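S.K.: Below is the structure I would like to discuss, written out as structure tokens.
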Amino acid sequence: MGHSHIVSIINHKGGVGKTSTVVNLAAGLARFDKRVLVVDLDTQMNLTHSLIGDLPEEVPCIADVMIKNPIAISEIIKATPIANVDIAPSGESMVNLELELHSAIDRERRLMRAFSTPELQKYDFILIDNAPHIGLATINSLMASHFFMVPVSAEYLPLVGLKHLIRTIDQIAPYHPSLQNLGYLLTMVDRREGISTVVEKILRETFQTQVFETIVRINTKIKSCPQKKQTIFDVESARGKGHEDYLNVAKEFLQRVETSRGY
Ligand SMILES: Nc1ncnc2c1ncn2[C@@H]1O[C@H](COP(=O)(O)OP(=O)(O)OP(=O)(O)O)[C@@H](O)[C@H]1O
Ligand SMILES: [Mg+2]
């Protein structure tokens, strides 16, 4: 592939499936023999917790790489229980990231700078998990990315909130014109429920081919993954619906990257 494709997983609405998508998409991509680095840019540290557990306080994390030169990103990367998936974790100093970035020089490009090392070229994909609000960390994520991808849970309010997300992206566009939308991914879909069908219809009518054809169905097995430090591929057999959904998400993700590589 040559260089890593960097993708921000973003939605400022909370609880829409961002972290679950980062974990299970990364595991799905690994099943297609891709090497993946996942990056936890959320102070909630859910991604780090789901994959490797909390970092000891003194261990540097992604915030230290962005704030304190000269910690290199390669110094904080850790292996995860998923083969071919590594993590740049979040830790204690993440709490101060927004404040510290505020007065930092080139504050929107700190993550981009951290990524510009040949040591990351071994990864086919870098997936960045973002917090449920737009701050300097999210702006850093988008500025460092080639693509963004938006999980949307199949409920009414997350759909309404997309307007604000699009406004943020529009504000970034003049500074990063090659940033591409990889697509909206519907999560927690329950087609027996009227609202799921309505939300899917509105999303497809509004954003058309920008919406992933693949949907992620509602599945309580996905909820059990973080506590077990496992992915849907570990907790379900190959016939399980979450297993099937996230494998299909990975497949469509690869196709979408392949057809939009013009950056
Ligand atoms: N397809 C699904 N079916 C059922 N539950 C799901 C599904 N996907 C995610 N969940 C659960 O929904 C909750 C929110 O998911 P997740 O943490 O991935 O969202 P998030 O967007 O990262 O949240 P936050 O904005 O707080 O970071 C979690 O408890 C998760 O296990
Ligand atoms: Mg999350």
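S.K.: Identify all residues within segment 1-51 that are more than 12 Å from ligand 1 (Cβ to nearest atom), part of a helix (DSSP H, G or I) and in contact with a helix residue (DSSP H, G or I) (Cβ under 8 Å, 6 or more places away or on another chain); write none if there are none.
M.R.: Passing the criteria: ALA27, GLY28, LEU29, ARG31, LEU51.
S.K.: List pairs: first residue in segment 13-39 and open to solvent by 40 Å² or more (accessible area, probe 1.4 Å) and of a type outside the set (Lys, Arg), second residue more than 8 Å from ligand 1 (Cβ to nearest atom) and not in a helix (DSSP H, G or I) anywhere in the structure, Cβ distance under 9 angstrom, at least six positions apart or on different chains.
M.R.: ASP33/ASN84; ASP33/ASP124
S.K.: Further, regarding this structure: What helices (runs of 4 or more DSSP H), lying completely within segment 178-263, carry at least 1 residues that are over 26 Å from ALA79 (Cα atoms) and touching a Leu at 6+ places or on another chain (Cβ under 9 Å)?
M.R.: Values: elements: 194-207, 220-228, 232-235, 241-259.
Fully inside segment 178-263 and qualifying: 194-207, 241-259.
Here's the yes/no breakdown for (1) open to solvent by 20 Å² or more (accessible area, probe 1.4 Å); (2) within 16 Å of ligand 1 (Cβ to nearest atom):
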| site | (1), (2) |
| --- | --- |
| PRO174 | yes, no |
| MET188 | yes, yes |
| GLU193 | yes, yes |
| THR209 | yes, no |
| PHE212 | no, yes |
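S.K.: Does segment 100-108 include one or more residues that are open to solvent by less than 70 Å² (accessible area, probe 1.4 Å), in contact with a strand residue (DSSP E or B) (Cβ under 8 Å, 6 or more places away or on another chain), among the charged types (D, E, K, R) and assigned to a loop (DSSP other than H, G, I, E, B)?
M.R.: So the first thing to find is which residues in segment 100-108 are open to solvent by less than 70 Å² (accessible area, probe 1.4 Å), and the list is 101, 104, 106, 108.
If we keep only those that are in contact with a strand residue (DSSP E or B) (Cβ under 8 Å, 6 or more places away or on another chain) as well, we get none.
Checked segment 100-108: no residue is open to solvent by less than 70 Å² (accessible area, probe 1.4 Å), in contact with a strand residue (DSSP E or B) (Cβ under 8 Å, 6 or more places away or on another chain), among the charged types (D, E, K, R) and assigned to a loop (DSSP other than H, G, I, E, B).
S.K.: Could you tell me which numbered condition ILE218 fails, if it satisfies all but one of (1) open to solvent by less than 70 Å² (accessible area, probe 1.4 Å); (2) within 16 Å of ligand 1 (Cβ to nearest atom); (3) farther than 20 Å from THR138 by Cβ; (4) aliphatic (A, V, I, L, M)?
M.R.: Of (1) open to solvent by less than 70 Å² (accessible area, probe 1.4 Å); (2) within 16 Å of ligand 1 (Cβ to nearest atom); (3) farther than 20 Å from THR138 by Cβ; (4) aliphatic (A, V, I, L, M), only one is false for ILE218: (1).
S.K.: Restricting to segment 123-154, what's the tally of residues that are of a type in the set (Val, Ile, Thr), open to solvent by less than 10 Å² (accessible area, probe 1.4 Å) and not in a strand (DSSP E or B)?
M.R.: Step one: of segment 123-154, the residues of a type in the set (Val, Ile, Thr) are 126, 128, 134, 138-139, 150, 152.
This time we only want the ones that are open to solvent by less than 10 Å² (accessible area, probe 1.4 Å), so: 126, 128, 138, 150, 152.
Filter once more, so that each one left must be not in a strand (DSSP E or B): 138.
Residues in segment 123-154 being of a type in the set (Val, Ile, Thr), open to solvent by less than 10 Å² (accessible area, probe 1.4 Å) and not in a strand (DSSP E or B): 1 in total.
The values are calculated or read from the model by the stated rules, or taken from the named source; none is laboratory data. Since the model is a prediction, treat every value here as computed from it, not as a measurement. Glycine gets a Cβ as well: all are built from the backbone with ideal geometry, and neighbour counts include every protein chain shown. What goes into the accessible areas is simple: the full protein's heavy atoms, side chains included, and nothing from ligands, DNA or RNA. Shrake-Rupley method; radii C 1.70, N 1.55, O 1.52, S 1.80 Å.
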